[in-house]
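Q: Structure below; questions to follow.
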Amino acid sequence: MTLLLTRPGDRRTSAAPPAWWRGRSAQGWLYAAPAAAVVGALFLAPLVLVAWMSLNRWPLLGPAALNAPGNYLKISDNPLFLDSVLFTLKYTAITTVLLSGLALGLALLVQERRPGVGFFRTAFFLPGAVGFAAAALLFYGMLNNDFGPVDPILQALGITDEPVKWTGTPDMALFSTIALVLWRFAGFNMLILLTGLQAIPVEVYEAARSDGANRWQIFTKITLPLLRPTIALMLILSVTGSLLAFDQFFIFTNGGPDNSTVSMVMVIYRDAFFRFDLGGAAALSVVLLVALVALNALQMRVLRRPE
Amino acid sequence: MRRSLAGAAMTVMLALTSAACGGAEEPVDGPVTISMWTRAATQAQSERLVKAYNSTHSNQVKLTVIPTDNYQPRIAAAAGAGQLPDVFASDVIFVPNYTSQGLFLDITDRIAALPYKDALAPSHMSLGTVDGRRYTLPHTLDLSVWFWNKDLYAKAGLDPEKGPATLKEFAEQATAVQEKLGGDGTVHGTFFGGNCGGCYVFTFWPSVWAAGGQVMDAGGTTSLNDRPAMTEVFEIYRDLYEKKVTGPTAKEEQGPTWTGFFPRGGIGVMPMPSTTLGQMPADMEIGVAPIAGPDGGESTFVGGDSVGVSSTTKHADAAWEFLAWTVSDEAQIEVMAKNKDVLARTDLAGNKYSAEDPRVVLINSLVAKGRTPYALRFGQTFNDPQGPWLRLAREAVFGDVSRLPQLNAEITKSLQQ
């Protein structure tokens, strides 16, 4: 390269890139610059702003005033947030287990190509095409005791005698919300698992079968281990999504009854937009972010493919 | 990357600081279009006013209606981003908080120049006044009153022309309707929004005031909702719920649909917003009575919206021109009174339209007897579904009454934040 560059009369010398360009690292940075600019503007800058807000008393209008670490210290004095942490963890655990099980079941059902399987794949995935807020509103309408169609249908079929209070008790409100989330997300998670399932070479199954493995052995010894990275991805998405739950509770249960379904993000939203405590809400957001990053790191470590 | 980050942060900061120092008038030639926001609860009145104004003025108003439950967050987000409209209406009880946050422009001198300044609805005006400075005008008035269904009363053997004069009579009449007509589950004695903080204050508190009681101290910093004047009212409603006189979903009603039951003809008697009178089915015979205390008296919650010019507007003169018109004789009589709405001015109560309907006359007369409670932290304490008031009200009506003193202390704590 050096020889080429110093050879007199070579046309390429005049067109040669300047020295700074030749470094691999500089080129890499330049190629990454557009993406980095987007990440910087849409992710890092808001993040820095939130962190800065969390250190200030931040009014809707007018200048902010530094009050660190006041916004963080008062979190322990916020019983609604502490309750919401426990509730969100409970919701995350139940949702993740049920959603993963259901998605895996659906994926195994429609895994093989056979007549009509396209119809079922589409049918299972279709709820995922509905906006989540719209889905929550749909359930609100369907399960509403006053004008929803579900109660009259159940009563006409003789399954229930009187309207079911779908969001009337804490347990029912949680159950109904989980039903909504399963309906909305099972198909999407099925799709993730399906890509993993189809990436497993057919030869591996054939080899297992010729070795005399039964269906259960194939599932536990071949399918599950080879699906591990895909399951890890699904679990991380599910856990993160559940910990950030908002739409379903905000629209469907409104946190009720009696604050029994208030998620962490709902508390942040309330502090920011009902109590106008932007600094306090930013502090809660930072705490949630740190917890999420830590949890995701832990998940990655546990679920990483064994070397 | 560092530059883009700095640029983005700069943009955000600029947006915030420009919001902080807005309010400067931009010179304009010719007509301007100002933006206005209102909440869905008082959409009909705002739309009528804007339509009438736009058809007779060169300046135009572009109205945006926002779902009631999302109105507060939308205002907060818009204020934080320096994106407030030129004019915005607000539930009157949130006005003190918005004013303290600096969201409204000071219009004291402009109001003082109005010839009818002393006739503007007093409760709305007082909540829009801070340290002698005025920030808002009354926009719509929405009073809580009892509606009774004369048809159901006749069928239940009650006198269809005689509504309840006390809360105890209210309970008796509701119970009579339930017992006589409630057999098939389509008719109920009464209804209320049992999972809706705003519904409780709007419909239960007037019974406390009518009996001479108080729900808060004058400064809006100490809750008195565990006192007998309040708990007696809770007990009467609790009794109605336990006897299944209320619709079966009263306990779950979050607010959006609580006024939807009465027009369908299945409720005997219930507290309702006066603004819904003009929207009732034409063939429905409805009686209107003031809300009373357990043993008599009468009062009302003077709710509704106030409207102000946002502190960040660039069209303060055009915005004021519209606002001043909305409380003029023309707008009040030909737009508001013509549609049976309560007027924002007390000097026009005896107008030609209101006189046609004694129920409207009654509602207008209640403006002077009713109250609009003042508290800086009203929304987060009483309206917020996660606020402490809804917990107290629900325990009082459906749950453990012994928790009231503790929950009342939490309301006080929230009011003092």
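A short reminder: the numbers here are calculations on the coordinates, not readings from a lab. This one's a predicted model, so the numbers in the text were calculated from it and none came from an experiment. Positions of Cβ are backbone-derived with ideal geometry, glycine not excepted, and every protein chain shown enters the neighbour counts.
Q: Check the straight Cα-Cα distances from B:K413 and name the aspartates and glutamates below 13 Å, setting aside those fewer than 8 residues away within the same chain.
A: A:D77
Q: Please name which of B:T140, B:I107, B:M125 has its Cα lying farthest along the dipole of segment B:45-197 towards the positive end, using unit charges on Cβ (Lys, Arg +1; Asp, Glu -1) and the Cα centre as origin.
A: Farthest along the dipole direction, towards plus: B:I107.
Q: Please work out whether the protein assembly as shown counts as rounded, prolate or oblate from its C-alpha gyration tensor, where a ≥ b ≥ c are the square roots of the eigenvalues and a/c under 1.5 means rounded, while otherwise a/b larger than b/c means prolate and anything else oblate?
A: Oblate, since a/c reaches 1.5 and b/c is not below a/b.
Q: Aspartates and glutamates near B:K369 by alpha-carbon distance under 13 Å, same-chain residues fewer than 8 away left out - which ones?
A: The reachable aspartates and glutamates, counting only those whose Cα sits under 13 Å from B:K369, are B:E298.
Q: What is the magnitude of the charge dipole of the protein assembly as shown about its Cα centre, with +1 placed on the Cβ of each Lys and Arg, -1 on the Cβ of each Asp and Glu, and no other charges, expressed in debye to the nearest 20?
A: Roughly 3460 debye, rounded to the nearest 20.
Q: So, counting K/R as plus one and D/E as minus one, what does the shell of residues with Cβ under 14 Å around B:Q254 add up to?
A: -3
Q: Next question, about the same structure. Under the 0.36 nm per residue contour assumption, what length would be gained going from the current alpha-carbon distance of B:Q60 and B:A165 to full extension?
A: Length gained, B:Q60 through B:A165: 33.2 nm.
Q: Report, ordered by chain and residue number, the lysines lying within cross-link reach of B:K352, taken as a straight Cα distance under 19 Å and ignoring same-chain residues fewer than 8 apart.
A: Hits, sequence-local ones excluded: B:K338, B:K340.
Q: Find the percent of Cα-Cα distances in segment A:75-303 that exceed 26 Å, and round it to a whole number.
A: Value for segment A:75-303: 49 percent of Cα pairs lie more than 26 Å apart.
Q: Next question. Within segment B:174-206, name every residue whose backbone N is under 20 Å away from a label modeled 7 Å from Cα of B:K243 along the Cβ vector.
A: B:174-194, B:204
Q: Please average, across the residues of A:54-61, the number of beta carbons from any other chain that are within 10 Å of each residue's own beta carbon, and give a whole number.
A: For peptide A:54-61, the averaged partner shielding equals 5.
Q: Arrange the following residues from fewest to most other Cβ atoms within 10 Å of their Cβ: A:V293, B:V335.
A: Placing the least packed residue first, the sequence is A:V293, B:V335.
Q: For the pair A:Y205/B:A355, report the inter-label distance in nm, with labels modelled 7 Å from Cα in the Cβ direction.
A: Each label point lies 7 Å from its Cα, and together they span 8.7 nm.
Q: Please build a GNM for chain B, connecting alpha carbons under 10 Å apart, and tell me which residue among B:R133, B:R359, B:R48 fluctuates the most.
A: Of B:R133, B:R359, B:R48, the most mobile in the Gaussian network model is B:R133.
Q: Could you check which residue among A:A64, A:A45, A:A32 shows the biggest mean-square fluctuation in a GNM of chain A with a 10 Å Cα cutoff?
A: Its mean-square fluctuation being the largest, the pick is A:A32.
Q: Here's another thing I want to ask about it. All other residues with a Cβ under 14 Å from the Cβ of B:A165 taken together, and with Lys, Arg as +1 and Asp, Glu as -1, what is their net charge?
A: That works out to -4.
Q: Looking at the square roots a ≥ b ≥ c of the eigenvalues of the Cα gyration tensor of segment B:26-145, which shape do they give, rounded for a/c under 1.5, prolate if a/b is larger than b/c, or oblate?
A: Because its axes are fairly even, with a/c under 1.5, segment B:26-145 counts as rounded.
Q: Taking 0.36 nm per residue of separation and subtracting the Cα-Cα distance, what length does fully extending A:A35 through A:V293 add?
A: Answer, rounded to one decimal: 90.7 nm.
Q: Would you mind getting me the FRET efficiency between A:D146 and A:V97? Use the beta-carbon distance for r and R0 = 35 Å, nearest 0.05.
A: So the FRET efficiency works out to roughly 0.60.
Q: Please give the FRET efficiency for A:A179 paired with B:K369, using the beta carbon to beta carbon distance and R0 = 41 Å, rounded to the nearest 0.05.
A: 0.25
Q: Extension gain A:F43-A:F246, at 0.36 nm per residue separation less the Cα-Cα distance, in nm?
A: Result: 71.1 nm gained on full extension.
Q: Oh, and also: Assigning unit charges at the beta carbon (Lys, Arg +1; Asp, Glu -1) and nothing else, what dipole magnitude in debye, to the nearest 20, does segment B:112-158 show about its Cα centre?
A: That gives segment B:112-158 a dipole magnitude of about 40 debye.
Q: Taking the Cα centre of chain A as origin and charging only Cβ (+1 Lys, Arg; -1 Asp, Glu), how large is the dipole, in debye to the nearest 20?
A: 1580
Q: Of A:Q198, A:F139, A:L284, which is farthest towards the positive pole of segment A:75-303's charge dipole, taken about the Cα centre with +1 and -1 on the beta-carbons of Lys, Arg and Asp, Glu respectively?
A: A:Q198
Q: For chain A, build the charge dipole from Cβ charges (+1 Lys, Arg; -1 Asp, Glu) around the Cα centre, then report which of A:G105, A:F252, A:L180 sits farthest towards its positive end.
A: A:G105
Q: I've got another one for you. Per residue of B:63-74, how many C-beta atoms from partner chains lie within 10 Å of its own C-beta, taken as a mean?
A: Taking the mean over all residues of the peptide, I get 1.
Q: Using DSSP, restrict attention to beta bridges with both residues in chain B and report what percent are antiparallel, rounded to the nearest 5.
A: Rounded to the nearest five, the antiparallel share is 70 percent.
Q: Still on this structure: Between B:V130 and B:A324, take the C-beta separation as r, use R0 = 25 Å, and let me know the FRET efficiency to the nearest 0.05.
A: 0.75
Q: Okay, next question. Per residue of the protein assembly as shown, what 222 nm ellipticity follows from adding -39500 (n - 2.57) for every DSSP H run with n ≥ 4, rounded to the nearest 500?
A: My calculation for the protein assembly as shown gives -15000 deg cm²/dmol from helical runs alone.
Q: Sort the following peptides by mean Cβ neighbour count (other Cβ atoms within 10 Å, averaged over residues), highest first: B:302-313, B:342-353, B:371-382.
A: B:302-313, B:371-382, B:342-353
Q: Run through segment B:99-208 and list the chymotrypsin sites (Phe, Trp or Tyr not before Pro) located in a DSSP loop whose Cβ has at most 15 other Cβ atoms within 10 Å.
A: The qualifying sites are B:Y116.
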